[in-house]
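The values are calculated or read from the model by the stated rules, or taken from the named source; none is laboratory data. These numbers were taken from a predicted model, which means no experiment stands behind them. Cβ placement follows ideal geometry from the backbone for every residue including glycine, while neighbour counts extend to all protein chains displayed.
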Amino acid sequence: MTRVLRSRPWMPLCGLVATGALAACGQQAAKPAKTVIQNKGSDTMVNVAQVWAEEYRKAAPDVEVEVSGGGSGVGIAALIKGAVDVANASRDIKPSEAEQAAKNTGKQPVGFTVGYDALAVYVHKDNPRSEITLAELSEIYAENGKTTRWSELGVKLASVSDDTIVRVSRQSSSGTYEFFREHALGNKDFRLGSRDLNGSKEVVELVGSTPTAIGYSGMGYATPAVKMLKVAKAKGEAFVSPAVAAVHDKSYPLARSLHVYTLGEPQGAVKAYLDWILSDAGQKIVEDSGYVPVPPAERPKP
Amino acid sequence: MSHDAPPDTQLAARPQRPAWAVLGERALEALIRLSGMSAIFFVAAIFFFVLREAAPILVRDEFSLVQFLFSTEWYPTSASNVRYGTFALTVGTLSVTALAMLLAVPFGLGAAVYLSEFCAPRVRETLKITIELLSAIPSVVWGFVGLTVMSRLIVTTTGAPVGVNVLNGGIILALMSVPVIVSIGEDALKAVPDSYREAGLALGATRWQLVYRVLLPAARNGLLAAVLLGVGRAVGETMAVLMATGHAVHIPGSLLDSVRTLTANIAAELGEAPAGSDHYRVLFLTGTLLFLITFAVNLTADFVVRGIRRR
């Protein structure tokens, strides 16, 4: 009896492992005839990348673009391994990553700016404040920051009795979280106790329903219930509202470029795809998705 | 099939059954025993695999178990100073669970007593079906209710700045654990022999005295088991609390503060933590911690039940 007990319970587990392995193999099946471009990376860009892929199918029916997210780091890691043709990244490639890619594949990664994103700072629409400096943001959000109430910023909120600032943030794996930490907080850590939400849209929704809230999210997510603050780099400098022109001339402090990376200069189908992304049709999609397109002067001439 | 002759003569005198019937019975018995034992095996295996993923972090020099258990600073992806303190998360889990039990236990046990002792048979059937329906609602739906309906209700009634908080999570978890407590609790009360009831009534007890003095003490083991299953449901629940508690890492000062629970933290961060990284291992260690908490709850309950039995 004991021997049976000792050996048999493993069997269902073995079966499970075997099924898992089979399933993994199945996903590798190749698709014939069509040219396939593998595209992976930034979660910020995954929506716009999907629309690109869908629209490009109409422009070039013989090319299939397969898009997946995972984060900028994931996309670049796949590029280093040579597993994808195009990596999306909402940050610059790190020198160490470029070096690794060159060592692994023998080709230098080449980057293209395909659009811009401005991170807007949102407050409730009834909040009288209309501008903020990066230093004030840091005092509100960063560890050891001193500001916890709106009255400390000189703001009188009429409708509420308790004017404690409700800080709305993103989960720690988000690229937006990292960008805000780097550019608004100077890489200081966030103070704990912020509401860490799982999406850009959720941030704007919570801010819109909370009179004492402040939050950050892409400028494309604005709704009538919230107000975007003008942001200045430092006290005394001009406050700039997040808008297309301010992103283009780089006067808005919380703007970032959206990149795609390829291994070596793009060739053939990949080159045609990237050219199309930077054409008017591709850039229209960037704009429609709530991001800022590359100004025509900066686009490469066909 | 050779027999060791049993001492009992009555058994020995029993007519022989055909060999296939005996063999079949043996085989079935073995199968059933195997199913029973497999529970132990699976619990041990799950614990082993979770611990195996977590173990390498325990021997790292930078990692401190004291900090992991008792620091409130949870900075898994910090650029300058990575800290893994889960105390705030543990407090989050305990506070939401405690509130849920505070609401669910009186309601659940009350409903169980009503169903088993005071209710007309037809009403009981309707109620039981409804309660079973309540327990069949998926947790993500509960989370959605917390995020939208309950959150708005809390903001308008209490004036809290944000509706997703301990109160919201506690109410949602209470609603989720009440059906468990009611079904198990009712079974426990039903299991009390009718002779107890008859004896009580014969001695002139009112129905309330009967419940309070006779049935509750007689069924306390089963009722405790019902409450503990409710606690287990509340501690382990992930999706609903992820959506309803506001996901803020700090020790709550009031019912209207947002918190984050151990389960919600794992659910939110495991997908993005690179496999094999420190962050990944610490999340598995959090899983182990959760496992130990539920294990401790169950073990304590077991001891309590044994203590009651001995008296």
The correct count of residues that are facing chain B (nearest Cβ under 9 Å) and not acidic (Asp, Glu) in region A:192-204 is 6
If you check A:Val270, A:Val260, A:Val286, A:Val244, which single one turns out to be touching a Gly at 6+ places or on another chain (Cβ under 6 Å) and either surrounded by 15 or more Cβ atoms within 10 Å (Cβ to Cβ) or not hydroxyl-bearing (Ser, Thr, Tyr) (or both)?
-> A:Val286
Quickly run through region B:281-294 and pick out the residues that are among the hydrophobic types (A, V, I, L, M, F, W, C) and more than 13 Å from every other protein chain (Cβ to nearest Cβ).
-> B:Phe284, B:Leu285, B:Leu289, B:Leu290, B:Phe291, B:Leu292, B:Ile293
Name every residue in region B:59-81 that is exposed (fewer than 15 other Cβ atoms within 10 Å of the Cβ) and of a type outside the set (Asp, Glu), in order of residue number.
-> B:Val59, B:Arg60, B:Ser64, B:Leu65, B:Val66, B:Leu69, B:Phe70, B:Ala79, B:Ser80, B:Asn81
Top-ranked residue in region A:191-204 [being in a helix (DSSP H, G or I) and surrounded by 20 or more Cβ atoms within 10 Å (Cβ to Cβ); ranked as modelled with the lowest pLDDT] | A:Ser200
What helices (runs of 4 or more DSSP H), lying completely within region B:72-175, carry at least 2 residues that are closer than 30 Å to B:Thr288 by Cβ?
-> B:87-113, B:139-145
Unmet requirement for B:Asp257, which otherwise passes all of (1) farther than 14 Å from B:Val91 by Cβ; (2) surrounded by fewer than 22 Cβ atoms within 10 Å (Cβ to Cβ); (3) at pLDDT 85 or above; (4) not small (Gly, Ala, Ser) = (1)
Does region B:268-280 contain any residue that is over 23 Å from A:Ala213 (Cα atoms), more than 10 Å from chain A (Cβ to nearest Cβ), touching a helix residue (DSSP H, G or I) at 6+ places or on another chain (Cβ under 6 Å) and among the aromatic types (Phe, Trp, Tyr)?
-> no
What's the number of the condition B:Val192 fails, among (1) within 14 Å of chain A (Cβ to nearest Cβ); (2) among the β-branched types (Val, Ile, Thr); (3) not in a helix (DSSP H, G or I)?
-> (1)
Any pair with Cβ under 6 angstrom, 6 or more apart, that starts in region A:70-84 at a residue that is assigned by TED's automatic domain parsing to the domain that holds A:Val260 and ends at one that is part of a helix (DSSP H, G or I) = A:Ser72/A:Gly175; A:Ile76/A:Glu97; A:Ile80/A:Gln100; A:Ile80/A:Ala101; A:Ile80/A:Asn104; A:Gly82/A:Thr105; A:Val84/A:Ala78
Can you tell me which residues in region A:101-147 are surrounded by fewer than 15 Cβ atoms within 10 Å (Cβ to Cβ) and within 23 Å of the chain's Cα centre (by Cα)?
-> A:Thr113
Within region B:74-87, tally of residues that are facing another protein chain (nearest Cβ under 9 Å) and within 13 Å of B:Arg260 (Cβ to Cβ) | 2
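Kindly provide the set of residues from region A:148-181 that are at pLDDT 85 or above and among the small types (Gly, Ala, Ser), ordered by number.
Within region A:148-181, the first condition is being at pLDDT 85 or above, and the residues that meet it are A:148-156, A:163-170, A:177, A:179-181.
Those that are at pLDDT 85 or above and among the small types (Gly, Ala, Ser): A:Ser151, A:Gly154, A:Ser169.
Table: residues versus (1) surrounded by fewer than 10 Cβ atoms within 10 Å (Cβ to Cβ); (2) assigned to a helix (DSSP H, G or I); (3) over 24 Å from the mean Cα position of the chain (by Cα).
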residue: B:Gly24; (1), (2), (3): no, yes, yes
residue: B:Gly36; (1), (2), (3): yes, yes, no
residue: B:Ile40; (1), (2), (3): no, yes, no
residue: B:Ile46; (1), (2), (3): no, yes, no
residue: B:Ile57; (1), (2), (3): no, yes, yes
Have a look at B:Val140, B:Val211, B:Val164, B:Val180 and point out the one that is of a type in the set (A, V, I, L, M), more than 24 Å from A:Pro211 (Cα to Cα) and within 14 Å of chain A (Cβ to nearest Cβ).
-> B:Val140
Filter region A:54-94 down to the residues that are among the polar types (S, T, N, Q) and modelled with pLDDT under 85, then identify the one that is farthest from the chain's Cα centre (by Cα).
-> A:Ser72
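Given the condition outside the structural domain of A:Val292 (by TED's automatic domain parsing), within 28 Å of A:Lys94 (Cα to Cα), outside any strand (DSSP E or B) and of a type in the set (Gly, Ala, Ser), answer yes or no: does some residue in region A:231-238 qualify? Walk me through how you get there before you give the answer.
Step one: filter region A:231-238 for residues outside the structural domain of A:Val292 (by TED's automatic domain parsing), giving A:231-238.
Now narrow it down to the ones that are within 28 Å of A:Lys94 (Cα to Cα): A:231-234.
Within this subset, residues satisfying the condition of being outside any strand (DSSP E or B) are A:233-234.
Keeping just the survivors that are of a type in the set (Gly, Ala, Ser) gives A:234.
Yes, region A:231-238 contains a residue that is outside the structural domain of A:Val292 (by TED's automatic domain parsing), within 28 Å of A:Lys94 (Cα to Cα), outside any strand (DSSP E or B) and of a type in the set (Gly, Ala, Ser).
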Considering each of B:Thr238, B:Thr263, B:Thr300 in turn, give the residue that is closer than 27 Å to B:Val182 by Cα, within 14 Å of chain A (Cβ to nearest Cβ) and out of contact with any Pro (no Cβ under 6 Å at 6 or more places or on another chain).
-> B:Thr238
Look at B:Thr90 and say whether it is more than 8 Å from chain A (Cβ to nearest Cβ), buried (at least 17 other Cβ atoms within 10 Å of the Cβ), out of contact with any helix residue (DSSP H, G or I) (no Cβ under 6 Å at 6 or more places or on another chain) and not small (Gly, Ala, Ser).
-> yes
Taking region A:206-222 and the residues there that are within 10 Å of chain B (Cβ to nearest Cβ) and surrounded by fewer than 20 Cβ atoms within 10 Å (Cβ to Cβ), the one that is farthest from A:Asn144 (Cα to Cα) would be A:Ser209
What are the residues in region A:61-116 that are of a type in the set (Ser, Thr, Tyr) and either outside any helix (DSSP H, G or I) or closer than 26 Å to A:Val292 by Cα (or both), if any?
-> A:Ser68, A:Ser72, A:Ser90, A:Thr113, A:Tyr116
Scanning region A:148-190 residue by residue, those free of Cβ contacts under 8 Å to residues at least 60 places away in the same chain, away from every other protein chain (no Cβ under 11 Å), surrounded by 15 or more Cβ atoms within 10 Å (Cβ to Cβ) and assigned to a loop (DSSP other than H, G, I, E, B) turn out to be A:Thr148, A:Val155
A:Gly111 fails exactly one of the following numbered conditions: (1) in the same structural domain as A:Val270 (by TED's automatic domain parsing); (2) among the small types (Gly, Ala, Ser); (3) at pLDDT below 90. What is the number of that condition?
-> (3)
